1. Could you grab me the full set of residues in the stretch 55-111 that are small (Gly, Ala, Ser) and more than 15 Å from the ligand (Cβ to nearest atom)?
2. For GLU237, which of the numbered conditions (1) near the ligand (Cβ under 10 Å from one of its atoms); (2) surrounded by fewer than 22 Cβ atoms within 10 Å (Cβ to Cβ) fails to hold?
3. Enumerate the pairs (first residue in the stretch 309-331 and closer than 14 Å to VAL295 by Cα; second residue anywhere and assigned to a loop (DSSP other than H, G, I, E, B) and within 16 Å of the ligand (Cβ to nearest atom)) with beta-carbon separation below 6 Å, excluding pairs fewer than 6 apart on the same chain, so at least 6 apart or on different chains.
4. Test VAL267 against the stated conditions and say whether it is outside the structural domain of LEU62 (by TED's automatic domain parsing), more than 10 Å from the ligand (Cβ to nearest atom), surrounded by 23 or more Cβ atoms within 10 Å (Cβ to Cβ) and not in a helix (DSSP H, G or I).
5. Filter the stretch 139-182 down to the residues that are within 15 Å of VAL107 (Cβ to Cβ), acidic (Asp, Glu) and not in a loop (DSSP other than H, G, I, E, B) and list them by number.
6. Which count do you get for residues in the stretch 362-387 that are in a helix (DSSP H, G or I) and either free of Cβ contacts under 8 Å to residues at least 12 places away in the same chain or surrounded by fewer than 17 Cβ atoms within 10 Å (Cβ to Cβ) (or both)?
7. Checking the condition at negative phi and buried (at least 20 other Cβ atoms within 10 Å of the Cβ), which residue from ASP69, ASP96, ASP105 passes?
8. Just to be sure I understand the filter: pairs with C-beta atoms under 8 Å, separated by 6 or more residues or on different chains, first member in the stretch 243-257 and free of Cβ contacts under 8 Å to residues at least 40 places away in the same chain and assigned by TED's automatic domain parsing to the domain that holds ARG228, second member within 16 Å of the ligand (Cβ to nearest atom) and β-branched (Val, Ile, Thr). Which pairs pass?
Amino acid sequence: MNTRAYSIDATDIAAEWARVGENNMDAFDASRVLKMDTLELPELGPGDVKIRLLAFSLEHNLDHAVLADTVNIAELRGGKIYPGNSAVGEVIEVGDGVSRFSKGDIVVTHCLGDADKWGYPTRIWAYDKPDSIGWYSEEAVVGDWQILPAPIDCGLSLWEIAALPLRAPTAYLLWRRGHDIFRVKVDREKVARLNVMGFGGGVSELFLMLAHHEGHRAFLCSGSPERRAALEEQGIETIDQKKFNRFASKEDVKAFNAEVKSRTGGVGMHVVCDMLRGPVFPAGIAALSRCGVNVSAGWQLSKKINYDSAAMSVKQLTIDHTHYDTIVGCEASTELYGSVFRPAIHKEVYDFADLPRALKEMHDNIQTGIPIVRVAKDLPASVAGIA
Ligand SMILES: NC(=O)c1ccc[n+]([C@@H]2O[C@H](COP(=O)([O-])OP(=O)(O)OC[C@H]3O[C@@H](n4cnc5c(N)ncnc54)[C@H](OP(=O)(O)O)[C@@H]3O)[C@@H](O)[C@H]2O)c1
């Protein structure tokens, strides 16, 4: 059976870069690369589940895949990929060997492709896992190990739930690691309330919600007034990143550091989440307190960082790298939907056909929150009330 699904072809990426010229990213038209396609679904195996996609969130890995700006993942995967690894769906058929799910269940996906012996991902589904087919589609066949029950009674809307399957587990691991590494160095007896900062972006926002819920002072440093306002409503303090020109110069970083120190009684941030790197990285390091921890699972603005090792030693700083969470961590993070994770989503829920426009608007950074696409026109009764 065929389904409509978006794909990215390496030939189209090369043609679009040739059309606009190498240094002309603003003219790059994602809709010439991200195209509605037809996909033949595999036969349902005994351990498989067929889902009807209800909604999904746009992830930044889509932008990276379309632009080929970090790696050319479509080319590396043999020329073409079907992206999409964060979704909510309705189970419409289950294989003979599946006992965890039944027809009508509402589920969220996780994007772990392969794992190491400790359960950490080595490959991400619909990205670098060979032959993996993503879920920016109307229907999909998944292994039963790839889905988790969606907590539809958690108080979030269906669109808010769709914002979380990829970003929430990432934030959950970043927070555990950042917090626990700091505690290796400075225990609770000495400092009860930590200063925690994240730079703009959905993952950082969720990371800050975790810190805030555990009683710490949380700060979002973002250039978006709407995203700052949404987090302020939850008790998270904010810093306008544009006031510091997004750290274009050393003077901007210095002024930012002065603001951080004045807002924290001279202490600085004990834990910083930086998913962006590039000019954000030195600002995040400057803002750290003694024994501070800088955690990251992203490289949106740059893949490379460099730092002064001597200065890091003297201040006893740690830079930690994480990635997507384990499946166990993904499952645990769904327990926090609604109670801790209350994502700010973009004001428009896009139609399925509008995915290329949604991607362009994500790239242009003009959305007011995490972008969501509605796939199914008719929703099952179980979630119609939360749409
Ligand atoms: N390893 C993993 O498992 C994993 C998981 C999720 C995401 N990621 C990666 O992490 C990165 C962030 O993802 P996300 O989902 O949090 O992003 P997101 O929700 O799409 O948000 C992106 C943010 O980027 C910021 N931004 C855009 N242009 C900027 C610039 N020139 N300078 C400073 N900030 C800028 C914006 O912050 P403002 O609010 O300041 O405008 C925006 O909110 C992406 O590269 C993504 O691929 C990795």
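The values are calculated or read from the model by the stated rules, or taken from the named source; none is laboratory data. The model shown is predicted, which means the values in this text are computed figures rather than measured ones. Here the Cβ is made from the backbone with ideal geometry for all residues, glycine too, and neighbour counts use every protein chain on show.
1. If the condition is that a residue be small (Gly, Ala, Ser) and more than 15 Å from the ligand (Cβ to nearest atom), then ALA55, ALA74, GLY78, GLY79, GLY89, GLY95, GLY97, SER99, SER102, GLY104 are the ones that fit.
2. (1)
3. Correct list of pairs: THR322/ALA297; HIS323/ALA297.
4. Against the criterion (outside the structural domain of LEU62 (by TED's automatic domain parsing), more than 10 Å from the ligand (Cβ to nearest atom), surrounded by 23 or more Cβ atoms within 10 Å (Cβ to Cβ) and not in a helix (DSSP H, G or I)), VAL267 does not qualify.
5. Those that are within 15 Å of VAL107 (Cβ to Cβ), acidic (Asp, Glu) and not in a loop (DSSP other than H, G, I, E, B): GLU139, ASP144.
6. Result for the stretch 362-387: 3.
7. ASP105
8. The qualifying pairs are PHE244/VAL253; ARG246/VAL280; PHE247/VAL253; PHE247/VAL280; PHE256/ILE239.
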